[in-house]
Amino acid sequence: MANMSKKRLLIVGQTPPPWHGQAVATQMLVDHEWQAWETDFVRMAYSDGIDEVGRFRWRKIGHLFELTRTVRTYLKENPGTVLLYPPASASWLPFLRDIYFLWRTRPLARGTAFIFHASGLPRFVRESKLRTFVAKLAYQRADISLEVAQEELTAKEVFDARESLWCPCAAEVPPYSENTVTVEATRSVLFVGSLMEGKGIFEILKTAKMMRQRGAELVRFLIVGKWSDEGFQRTCEAYVESEGLEEWIDFGGQRTGEEKWQAFRSADLFFFPSHYSSEASPIVVMEALGMGLPVVTTRWAGIPAMVGECEVVKLCPVKNTEAFADAITETLDEGGVETWRTARAFYEGRFTPARFIGRIEEGLEKAGL
């Protein structure tokens, strides 16, 4: 029986699969034992794999109606419930999905808390008078805007939320010890994430080529993740073959659980050259820091606000292969025990699941929900 002294929170969102930052963060919310809230969860299931994210499928329309019906029924049966919802990414299809779903459900909730995992939606809306007008049906005047990325144009500003709070996500990593770090004869640079153009996969290949041309000692670039597009996969694999980079590049496939953590332990550096349009606060960067790795990444979207103060993170301009090669070479030469300790301490001070949940609870309290 539910604890009647607690307020009620309905969490709506995607949990893995597919494996991406928003899904992992939502799973943390679902697994958490909330003290002040009685929580329930309704799972979005628009995409079964990373290759379906953001793409039209007829079954997604059916799922939208089913999801809306389920949430409406829940809110009618549980008056006084607060809705916690992750607004869409900055593209037409998910935007229109949100318009319908939120227009039909928000009036039945006592309050609304939005957690903006994907960056770019405020600018996407503001750039069009039509989108600005229609967006009022869905996003206007939420009780709290929990903003994962610190954007120049904020969700609070565009959607007029009553309150807002910066709320970077979190990563749950295994207990860390310097004794768990695996030392390999060949230095290893690791990427973990979706294998798509926006995540900088082709920039990894070009960086490896530049380092080889400079006469650098062999570095193994391990690229872990699932391909989002077969055509892009063929392009990348053909490039590796044509440039003779087989010794330098290893497409390691998707890895989860202990297999993924072992990839982190075996690496000397984490390389994340993203210029992805919806990048906010990438969880894989948090995981890398939690595993004691220095990071080379981009001065892009929410990344600088997230890790710009970390001494073992180097920020480079997007798509700048020369800057990437310089930063990787310099970082590999600097590595050591102090680097591992600094990275781990930065993670523990900012990006543990407890801190993420704490920020959300703070936001709900700030909004008076």
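Brief remarks on what is shown
- Nearest-0.05 FRET efficiency for E322 and E217, computed from C-beta distance (R0 30 Å): 0.95
- Anisotropy class of segment 55-123 from Cα gyration tensor, a/c 1.5 cut: oblate
- Mean-position separation - Cα centroids, segment 58-110 and segment 277-353, in angstrom: 36
- Packing-based order for 129-138, 305-314, using average beta carbon neighbours within 10 Å, highest first: 305-314, 129-138
- Cross-linked pairs K209/K260; K6/K136; K199/K366; K206/K226; K206/K260; K129/K319: Cα-Cα separations exceed 27 Å for K6/K136; K199/K366; K129/K319.
- From phi via Karplus (6.51, -1.76, 1.60), per-residue ³J(HN,Hα) for segment 277-286 in Hz, x at Gly/Pro: 4, 9, 4, 10, 10, x, 5, 5, 5, 4
- Relative contact order [Cα under 8 Å, 6+ residues apart], the chain, whole percent: 16
- Under 5 Å between amide hydrogens, built in the peptide plane, is the criterion, and for F221 it picks out V189, I249, D250 among residues at least 5 positions away or on other chains.
- Amide H to amide H distances under 5 Å link T39 with L9, where only residues 5 or more positions off or on other chains count and H is placed in the peptide plane.
- Pairwise FRET efficiency - R355 versus F232, Cβ, R0 = 35 Å, nearest 0.05: 0.50
- Cα pair count fraction exceeding 19 Å, expressed as % - segment 95-220: 65
- Near T112: Cβ cut-off under 11 Å, other residues only, Lys/Arg at +1 and Asp/Glu at -1. The net charge is +3.
- Separation of the F133 and N78 label points, Cα + 7 Å toward Cβ, nm: 3.7
- Per-residue [θ]222 nm for the chain (sum of -39500 (n - 2.57) over DSSP H runs n ≥ 4, rounded to 500): -12500 deg cm²/dmol
- Per-residue Cβ neighbour rank within 10 angstrom, fewest leading, H63, H117: H63, H117
- On full extension, the segment bounded by Q35 and L153 gains 39.1 nm, given 0.36 nm per residue less the C-alpha separation.
- Spin-label model distance (nm) - L108 vs F251, 7 Å beyond Cα toward Cβ: 4.5
- Fraction of alpha-carbon pairs over 29 Å apart in segment 178-350 - percent: 11
- 3J(HN,Hα) from dihedral phi, segment 238-244, Karplus parametrisation 6.51/-1.76/1.60, rounded to Hz, x for glycine, proline: 5, 5, 4, 5, 5, 9, x
- Between R123 and E197, residue separation times 0.36 nm minus the direct Cα-Cα distance comes to 24.5 nm.
- C-alpha center-to-center spacing [segment 125-148, segment 216-256] in angstrom: 39
- Extent along principal axes [Cα atoms of the chain; Å; largest to smallest]: 66, 40, 34
- Set of segment 4-43 residues, backbone N closer than 13 Å to the point 7 Å along the Cα-Cβ line of E66: 43
- Model label points for D160 and V337, set 7 angstrom from Cα along the Cα-to-Cβ axis, are 5.9 nm apart.
Just so you know, all these numbers are worked out from the coordinates, no wet-lab data involved. Since this is a predicted model, take the numbers as computed values, not measurements. Using ideal geometry, Cβ is built from the backbone for each residue, glycine included, and neighbour counts are taken over all protein chains shown.
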